[in-house]
Amino acid sequence: MKKIVLSLTSLCLISTISNAGSLTVANSNLEMAGGITAAYFYVTNVGEEPNDKFTVTNLDFDLRSNINSQITFEGGLGSSHLPDILTPFDETEFEVEFAWVDIELTERFSISAGKLLTNVGYELFDTFNNPNYHYGLVWYGQPVNYPGVRFTYNIDEDVQIYGEYNHDSAGEIAGIKPKDAAAAGIIGSIGNLNFALNYFDYAGTKNLADLVITTQIANFDVALNADYQWLDDGAKDTLKAQGATDVEDYGYGIALYLIPHITKHIMVPVRIEYVYDGQSTSGSTVIDEGIYGISGDNAWSFTITPTWHPTKNTYLRGEFAYVVTDKKGFENEDGEKKDNRTLVGLEAGFLF
């Protein structure tokens with residue numbers, strides 16, 4: 001979500017992986033940035049799938065061009081594997097990952113239209129923009145990218161507010177796919193503290209309120225992402241009609257990121273998460289997975305990702321992640337139900 005400047009999200013991120021900058025295409029004002037990364041991981045309790053996999057995680061080309069002083073184009077082409085703890089081996093095709101035109105209407109007010117990247121959450125698009133390789137449980141329940149339009153107003157140089165209308169369909173609940181969605185928020189900084197407060201409304205399915213706070217303490221980057229989500233009445237009624245006998249209407253998640261910089265070239269990011277999945281569907285004919293995609297009522301995860309930067313535009317990192325749920329929602333190769341999963345492996349990256 002950030003290899004080129006994103007006007008709102010960039011305020012929320014404490015950079016954890018050094019960016020190499022961008023390349024200027026000859027005889028034009030087109031700038032290009034991106035990255036190539038590859039990984040190997042071994043994962044337990046993935047059912048009949050192979051337990052290990054080699055993968056090209058990202059092959060991305062991100063473009064930016066100032067058409068004039070008021071109009072800017074930004075876009076990203078590539079194949080970005082977005083591996084999360086629950087679905088670590090999902091693959092993606094080469095596609096337009098994001099693309100929009102930003103028009104500065106006044107000194108303070110601008111409009112962006114196209115395929116947008118969300119302002120919700122701490123973790124960003126592309127694994128090399130995040131302190132950890134695997135995306136977390138909180139990220140799983142948040143929007144990522146979608147077609148839409150966003151209006152941004154700069155209150156001052158440190159604080160922005162925005163509103164948007166979009167066609168994100170990721171908020172499916174009980175077989176209901178939202179046709180549209182809306183979002184609003186405020187993003188900015190106060191001294192050494194960066195913050196973002198966002199509200200996202202999927203029409204007819206669910207809503208979420210999200211808070212991100214980041215700061216620096218000594219040689220630590222520290223971030224907190226808290227997420228509260230609740231179902232619309234229509235989604236609850238559909239669940240009950242499908243046979244659910246115990247339907248709560250909310251869920252929440254919290255993720256804490258601690259990123260010590262041991263030396264100029266070495267850091268050891270840690271992520272600790274807990275989610276409560278309030279969409280209980282006991283006795284239902286629907287899949288027993290709620291807002292955060294887990295089976296059961298709650299889950300927690302721990303991830304540690306030692307990272308070495310031999311140069312400013314290369315890195316090598318290992319990762320150990322562990323997730324456990326209160327219900328046996330995972331399955332091993334023998335078909336036995338398990339309540340936990342372990343992920344361990346390596347990723348190498350080159351940024352340009």
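Structure above, values below:
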item: Estimated dipole of the stretch 160-274 in Debye, rounded to 20 [Cβ of Lys and Arg +1, of Asp and Glu -1, Cα centre]; result: 420
item: For the chain, calculated [θ]222 nm from helices alone, where every DSSP H run of n ≥ 4 adds -39500 (n - 2.57); result: -1000 deg cm²/dmol
item: Percentage relative contact order, the stretch 197-252, counting C-alpha pairs under 8 Å, at least six apart; result: 30
item: For the stretch 156-280, alpha-carbon Rg and Dmax in angstrom; result: 18.1, 57
item: Cα-projected label distance for residue 42 with residue 344, points at 7 Å along beta-carbon direction, nm; result: 0.6
item: Estimated inter-spin distance, residue 155 and residue 182, nm [label 7 Å along Cα→Cβ]; result: 2.1
item: Translational D in µm²/s for the stretch 137-197 (Stokes-Einstein at 10 °C, 1.306 mPa s, Kirkwood Rh from C-alpha pairs); result: 119
item: Rounded FRET efficiency, nearest 0.05, which uses the C-beta distance separating residue 327 from residue 90 and R0 of 30 Å; result: 0.85
item: Nitroxide proxy distance, nm - points 7 Å out along Cα→Cβ at residue 197 and residue 101; result: 3.5
item: Calculated on alpha-carbon atoms, Rg and Dmax of the chain in Å; result: 20.2, 65
item: Label zone at residue 111, where the point sits 7 Å out along the Cα-to-Cβ direction: the stretch 191-224 residues whose backbone N lies under 19 Å; result: none
item: Accessible area (Å², per residue) of the stretch 118-190, counting only protein heavy atoms and a probe of 1.4 Å; result: 34
item: Residue-span extension gain [residue 172 to residue 266] - 0.36 nm each, minus C-alpha spacing; result: 29.8 nm
item: Options 265, 320, 159, ranked by Cα towards positive dipole end of the chain, top entry (Cβ charges); result: 265
item: Along principal axes, Cα extents of the stretch 289-352, largest first, whole Å; result: 44, 28, 18
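The values are calculated or read from the model by the stated rules, or taken from the named source; none is laboratory data. Since this is a predicted model, take the numbers as computed values, not measurements. Neighbour counts are summed over all protein chains in view; Cβ atoms, including those assigned to glycine, are modelled from backbone coordinates with ideal geometry. Heads up: the accessible areas ignore ligands, DNA and RNA and are worked out on the full protein's heavy atoms, side chains in. Shrake-Rupley method; radii C 1.70, N 1.55, O 1.52, S 1.80 Å.
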